[in-house]
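*Asks:* Take a look at the following structure, please.
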Amino acid sequence: MSLLYSLPYATDLIGTAWEQILADIKGGTWTEMRDNRPRPDVTAKEGGRDVNYSVKTEGLRVSADRPNARAFLGHYEDLIVARPKVDELLGRGETIDALDANQLGAKVLAYYNEQIVAKYQWHVLSILLRVEARGFIYWEEKPPAVYRPGDYWWQDSGRATGSNRNINGYPRAVAATTRPLPRAKFKWTSGGKQFYVLYPIPRDADVWEISPTELTLQEVREALREKIRAKKRISGQGPVT
C-alpha cells in the first residue's frame, strides 16, 4: 500500500486494488467477480478448506471531532453490504410500490440471508474504511450476520421520489413512537437496490496510516525502465530503449 500511494497518480485506494492486496495478505485468490457484489471477492485456504471473503470498502471524512482513523473507533457507520434484488421475490400481482414497508423490508432481509450470504457461501465479511490523510480501519465479521425478518420493523424514509421506495429498518426494541428515532439499523433503496447496514466500528479494529515516499512521474518511469532492462538482460532478449 505504501508503494501504491507513492505513485504520483494514486490518490485513493480503489476497491479492486484492495481486494488484490487482501488476497495476497491471506495467501488466497482474487476471484475477479464484479457483478453487483453477490459473489465473494477473495477465496483463501484456511484449515484445509476454502474460506470466502466478501470485501467492502468505504471512505470516511475527518472532522474536528474525529480528525484521524483511531478517533472513529466505537462510532457507527452505514455500509453498503449488498444489493438485494427484491423484485425476484415478488409474488403474482405484487409490486414494490404496493407493498407496505414491513412486507418489503422482510423481503430485503430474506433475499440478503438466502440469496446472497447462503447462496454464495459468504464466510467472512471483510471491511476496510479509508479515512482521509491515508488512514485505514480494518475488521472482519466472521461469520457474516444474518437477520431474522421478524426481529425488525420498517417504515418509508420519506426521501424517495416517483415510484421508488426508500425504507428504513429498526429493531423491535425501538418503539415506532420513539421521537427522535435513532439511526436506522438498515436502509434499502429500490432504485439502486443498495442495502445499508449500520455497523459499530469495533474498538479493537486494526488501524494504520500510510506514509508514502513521494515519487515524481519521471522517477516512476525511470524505475520501470530499469526493471524492464534488467528482465530483458536476464532473459537474453537484448537491450531495451
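*Asks:* When the dipole is taken about the Cα centre of segment 80-151, and only Lys, Arg (+1) and Asp, Glu (-1) are charged at their Cβ, what size is it in debye, to the nearest 20?
*Replies:* Charge dipole, segment 80-151, about its Cα centre: 280 debye, nearest 20.
*Asks:* Could I ask something else about it? For log10 I(q)/I(0) by the Debye sum over Cα atoms at q = 0.13 Å⁻¹, which listed value, [x] -0.75; [y] -0.93; [z] -0.83, comes from the coordinates shown?
*Replies:* Only one listed value fits the structure, namely [y].
*Asks:* Can you tell me which of 39-47, 220-228, 151-159 comes out highest on packing, and rank the rest after it, using the mean Cβ neighbours within 10 Å?
*Replies:* Highest mean packing first, the order is 39-47, 151-159, 220-228.
*Asks:* Expressed as a rounded percentage, what relative contact order does the chain have, with Cα pairs under 8 Å and six or more residues apart?
*Replies:* Worked out over the chain, it gives 23 percent.
*Asks:* I would also like to ask the following. Compute the distance from the alpha-carbon center of segment 142-217 to that of segment 1-71, in whole Å.
*Replies:* Comparing the Cα centres of segment 142-217 and segment 1-71, I get a distance of 20 Å.
*Asks:* Which order do the peptides 206-213, 17-24 come out in when sorted by mean C-beta neighbours inside 10 angstrom, highest first?
*Replies:* Top of the packing list down: 17-24, 206-213.
*Asks:* Now a separate question. Given the Cα-Cα distance of THR16 and ILE228 and 0.36 nm per residue of separation, how much length would full extension add, in nm?
*Replies:* Answer, rounded to one decimal: 73.8 nm.
*Asks:* From the residues SER54, THR11, THR216, which one has its Cα farthest along the dipole of the chain in the positive direction, the dipole being from +1 and -1 charges on Cβ of Lys/Arg and Asp/Glu about the Cα centre?
*Replies:* My answer, from the dipole projection, is THR216.
Where a number appears in this text, it was derived from the coordinates with a stated rule and is not lab data. Keep in mind the model is a prediction, meaning the values are calculated, not measured. Cβ atoms come from the backbone with ideal geometry, glycine included; neighbour counts cover every protein chain shown.
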